[in-house]
Amino acid sequence: MQENMQRAQEEVAALEVTGNAGGGMVSVTLGGRMDCRKVRIDPAALADAEMLEDLLAAAFNDAVNKIHAASQEKLAAATAGLPLPPGMKLPGLF
């Protein structure tokens, strides 16, 4: 069990996901440990600073949600068959 959890944590750490906003005008790439690896901004988005701020936040949140979903999936796979009492959930990988 502990070995499966360790492997799941390593797999999550190795993930790389990209969150997008504004129809792809802004994208943020995060690693599995929530480290920002790349930000891409379409030059057209530079004209409106307030819109750009909103798009950056939305793209970042999209990437974070993808990391969380992937980590939950890996955690579920690592704990498959583990008898847990009804309603009990294991903590996330972070």
Just one of (1) modelled with pLDDT of 95 or more; (2) of a type in the set (Lys, Arg); (3) in contact with an Asp or Glu (Cβ under 6 Å, 6 or more places away or on another chain) trips up residue 37, so point out which.
(3)
Just a yes or no: is a residue in region 61-73 acidic (Asp, Glu) and outside any helix (DSSP H, G or I)?
no
Looking only at region 19-45, filter to residues that are open to solvent by 80 Å² or more (accessible area, probe 1.4 Å) and part of a loop (DSSP other than H, G, I, E, B); which one of those is nearest to residue 55 (Cα to Cα)?
23
Residue 4 being polar (S, T, N, Q), surrounded by fewer than 17 Cβ atoms within 10 Å (Cβ to Cβ), modelled with pLDDT of 95 or more and part of a helix (DSSP H, G or I):
no
Failed condition for residue 53, given (1) modelled with pLDDT of 95 or more; (2) in a loop (DSSP other than H, G, I, E, B), with all others met?
(2)
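The values are calculated or read from the model by the stated rules, or taken from the named source; none is laboratory data. Values in this document were obtained by computation on a predicted structure and should not be read as measured data. Cβ coordinates were reconstructed from backbone atoms using ideal geometry, including for glycine residues, and neighbour counts include every protein chain displayed. Accessible surface areas use protein heavy atoms only, side chains included; no ligands, DNA or RNA. Shrake-Rupley method; radii C 1.70, N 1.55, O 1.52, S 1.80 Å.
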